[in-house]
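Trainee: The structure that follows is given in the form of structure tokens.
What follows draws every value from the coordinates through simple rules; no lab data is involved. Quick caveat, the model's predicted, so the values are computed rather than measured. Every residue, glycine as well, gets a Cβ built from its backbone with ideal geometry; the counts of neighbours run over all protein chains shown.
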Amino acid sequence: MLKIYGTSKSRAGRALWAAEELGLKFEHLPIGIGESGSRKPEFLKINPNGRLPAIDDDGTIVWESMAINLYLAEKHGKAPLWPSKVEDRGHAYQWSLWGMTETEPHLIALLVNRMLLPKEQRNEQAANNASEALKAPLKVLDDHLKNRQYLLGSDFTVADLNVASVLMLAPMIQVDMSGVPAAKAWLDKCLSRPAAQKSSSYK
């Protein structure tokens, strides 16, 4: 049986959402980050980087959240969730990596400096810089979504799941998306999906 390692409050939430979207049976092992979880010797045998998430799919170990989701979608998904055309799969890879490289670093900087660090350790300038830097990729997303329902067209795919799983931090840290209404409407639609809602209820 598929095993998913990591609390839903970590990037493992993405893998849980994918598994729910695909209707898979799986065992969830909600280990945390650090010495009591992801740095324990038994977990380092699964992911030597000591990071979450990781999966064990009947002996096939995969780590890195986007790799996990693309693997699960390719193995278990059908169109439209896993696109049937190679060109569309290329765009699914593109948007998945875009979410990680163009938006997540800024979202993490905001999360750390607006919520996670003790107040005396927060860097408001770093938070402001991240907020400003986020505007350009959000405009790219908004422009792309102005004439389509989802990233690849009219259907929800793994590309939407992956990018939305990154941008779900935005409402948590009160990112102002009023200037990108198409992107905001798309994100709200993705996060309202039953599988997304269920995945957030895990430990």
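Trainee: Every residue in region 115-170 that is charged (D, E, K, R), without any contact (Cβ under 8 Å) to a residue 12 or more places away in the chain and under 27 Å from residue 19 (Cβ atoms), please.
Mentor: Of everything in region 115-170, just one residue is charged (D, E, K, R), without any contact (Cβ under 8 Å) to a residue 12 or more places away in the chain and under 27 Å from residue 19 (Cβ atoms), namely 148.
Trainee: Hey, another quick one. Run down 14, 51, 89 and say which single residue is touching a residue at least 60 places away in the same chain (Cβ under 8 Å), at negative phi and of a type in the set (Lys, Arg).
Mentor: When all the criteria are applied, what remains is 14.
Trainee: Follow-up. Quick one: what pairs do we get from region 54-70, first residue free of Cβ contacts under 8 Å to residues at least 60 places away in the same chain, second aliphatic (A, V, I, L, M) and part of a loop (DSSP other than H, G, I, E, B), C-beta under 7 Å, 6+ apart or different chains?
Mentor: Here the result reads 54/46; 56/46; 61/46, each pair linking region 54-70 to a residue that is aliphatic (A, V, I, L, M) and part of a loop (DSSP other than H, G, I, E, B).
Trainee: Still on this structure: If I filter region 84-97 for residues that are closer than 21 Å to residue 171 by Cβ and not polar (S, T, N, Q), do I get at least one hit?
Mentor: yes
Trainee: I'd like the full set of residues that are over 13 Å from residue 107 (Cα atoms) and within 16 Å of the chain's Cα centre (by Cα), limited to region 151-183.
Mentor: Hits for region 151-183 are 151, 156, 157, 158, 159, 160, 161, 162, 183.
Trainee: Check region 172-188 and report whether any residue there is among the charged types (D, E, K, R) and within 30 Å of residue 79 (Cβ to Cβ).
Mentor: Yes: region 172-188 contains one or more residues that are among the charged types (D, E, K, R) and within 30 Å of residue 79 (Cβ to Cβ).
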